[in-house]
1. Look at region 139-183 and say how many of its residues are aliphatic (A, V, I, L, M), at pLDDT below 85 and either touching a helix residue (DSSP H, G or I) at 6+ places or on another chain (Cβ under 6 Å) or within 19 Å of VAL90 (Cα to Cα) (or both).
2. Is it true that some residue in region 104-112 is within 15 Å of the chain's Cα centre (by Cα) and surrounded by 14 or more Cβ atoms within 10 Å (Cβ to Cβ)?
3. Looking at ILE162, ILE166, ILE135, can you tell me which residue is out of contact with any Lys or Arg (no Cβ under 9 Å at 6 or more places or on another chain) and touching a residue at least 24 places away in the same chain (Cβ under 8 Å)?
4. Do we find a residue being buried (at least 18 other Cβ atoms within 10 Å of the Cβ) and hydroxyl-bearing (Ser, Thr, Tyr) anywhere in region 133-155?
5. So which pairs qualify, if the first residue must be in region 75-103 and over 22 Å from PHE181 (Cβ atoms), the second must be of a type in the set (Gly, Ala, Ser) and modelled with pLDDT under 85, the Cβ gap must be under 8 Å, and the two must be at least 6 apart or on different chains?
6. Of all residues in region 81-119, how many are of a type in the set (Lys, Arg) and more than 14 Å from ILE41 (Cβ to Cβ)?
Amino acid sequence: MSWWWYVTLGAFVLLVALLVVLICTRRRREKQGGQPNLVGISGWLLLPMLGLIGTPLVLIGGIIQNVNAFFTTAMRGYPYLTGAAVVEIVLSLAILAFDIVLLVFFFQKRSFVPRLYIVFLVTVLAVNLLMLPIIAWVGQAEGLDLREAVRGYGEGFGRTLIACAIWIPYFCVSKRVKATFVR
């Protein structure tokens, strides 16, 4: 399967989730007479929720690519690259499990979700930062040109850094977050 299939499926799932959330929040507002209510997953809180829903799709696509890379590099005799693929598969599976657990707690509106979400963001940032020098070193050790892979990890690190800069303060000071996650 090509990566376009995963992107299309992910976009479809995100669109359906967004429509369900919008319909549910609209009905709730109509019942309340249009008064803004800070309790519930709505407003800017929808964006982290959609990110948590979309992350497993992206991770699964990456895991599939890394499993293919693992077998290809193992057969061609690149031991360091094979090891790097294994490390990335394990880290991706760990982040996938963390994301799913966080998503369950997110929808349960547990009181510890804001702290757990911050830990999740910092963990993803640390994994991206960890993989940058590993991939660069593996490329030099194996004599391969892995500039595209290093660039990809750099872009992932930059995106995660921006997400941390936005969502960590939001989850720390938002009235909606404090009113929503109370169980």
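The values are calculated or read from the model by the stated rules, or taken from the named source; none is laboratory data. As the structure is a prediction and not an experimental result, all values here were calculated from the model. Heads up, the Cβs are rebuilt from the backbone with ideal geometry, glycines too, and the neighbour counts pull from every protein chain shown.
1. Within region 139-183, the subset aliphatic (A, V, I, L, M) is 141, 144, 146, 149-150, 161-163, 165-166, 168, 173, 177, 179, 182.
So of that shortlist, the ones also at pLDDT below 85 come out as 141, 144, 146, 149-150.
Now drop any that are not either touching a helix residue (DSSP H, G or I) at 6+ places or on another chain (Cβ under 6 Å) or within 19 Å of VAL90 (Cα to Cα) (or both), which leaves 141, 146, 149-150.
Result for region 139-183: 4.
2. Filtering region 104-112 down to residues within 15 Å of the chain's Cα centre (by Cα) leaves 104, 106.
Next, only the ones that are surrounded by 14 or more Cβ atoms within 10 Å (Cβ to Cβ) stay: 106.
Yes, the conditions are met somewhere in region 104-112.
3. Step by step, each of ILE162, ILE166, ILE135 is checked, and only ILE135 is out of contact with any Lys or Arg (no Cβ under 9 Å at 6 or more places or on another chain) and touching a residue at least 24 places away in the same chain (Cβ under 8 Å).
4. yes
5. Listed pairs, sorted by first residue: TYR80/ALA141; LEU81/ALA69; THR82/ALA74; ALA85/ALA69.
6. First, the residues of region 81-119 that are of a type in the set (Lys, Arg): 109-110, 115.
Among the residues that remain, those that are also more than 14 Å from ILE41 (Cβ to Cβ) are: 115.
Going through region 81-119 one residue at a time, the tally reaches 1.
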